[in-house]
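The following block contains the structure, expressed as structure tokens.
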């Protein structure tokens, strides 16, 4: 019991430490570049893959790295190959770090919410990392995952970058719905375009 409490305390402390570290990065520094109402679109073979929005982006330069800081909110939207909005990630703040040796990392922190609209899953955590090279997202912090099958919560999570296959580590007090209404009709309100027109 004592070991479990110590592990939980360490995880909570480490998540708070990440936030303090991120807040300290811009303290007393002047950004090299400032962008208001940032809107970035990524396409592949003419199809929309991802878009990113932020009210404010600040770029900083240091000897060993450069980084972009998003202090007023951050949102990423990912689309399927068919052009349907699948995943949404929003947070209070975010950072994109670029090291001189070529490494990169993305970090979102502060009220991070990850939605997979197709699976109807919503994940909430305090800090989220995106491994762009390996196309996965993960955290070591407390996580809640709501889905049509119930609630899962724990400390730590890993998933593909579109939040299709989330794994919650160290789960506790989770529950599932054993019986569901098989006649229920679910409508994707984000991607719904109305009834199909009949051919005449």
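All of the numbers you see were taken from the coordinates with simple rules; none came from a lab. Computed from a predicted model, the values in this text were never measured in an experiment. All Cβ positions, even for glycine, are placed from backbone atoms using ideal geometry, and neighbour counts span all protein chains on display.
Quick one: length gained pulling residue 81 to residue 144 fully straight, 0.36 nm per residue minus the C-alpha distance?
Gain in length upon complete extension: 19.9 nm.
Would you mind ranking 86, 72, 158 so that the residue whose beta carbon has the fewest other beta carbons within 10 Å leads the list?
Fewest-to-most ranking of 86, 72, 158: 72, 158, 86.
So how do 64, 139 line up by other beta-carbon neighbours within 10 Å, fewest first?
Neighbour counts put them in this order, fewest first: 64, 139.
What's the extension gain from residue 164 to residue 135 if we count 0.36 nm per residue and subtract their Cα-Cα distance?
9.3 nm
Determine, for each peptide in 38-48, 107-117, the mean count of other beta carbons within 10 angstrom over its residues, then list the peptides with the highest first. Write out the running numbers ahead of the final one.
Numbers: 38-48: 10.5, 107-117: 20.7.
In descending order of packing, they fall as 107-117, 38-48.
Could you tell me the calculated FRET efficiency between residue 51 and residue 151, based on Cβ-Cβ distance and R0 = 25 angstrom, to the nearest 0.05?
About 0.25, to the nearest 0.05.
Hey, another quick one. FRET efficiency for residue 99 and residue 122, Cβ-Cβ distance as r, R0 = 41 Å, nearest 0.05?
Approximately 0.80, to the nearest 0.05.
Right, here's the next one. In terms of the Cα gyration tensor, with a ≥ b ≥ c the square roots of its eigenvalues, is region 2-175 rounded because a/c is under 1.5, prolate because a/b exceeds b/c, or oblate?
It comes out oblate by the Cα gyration axes.
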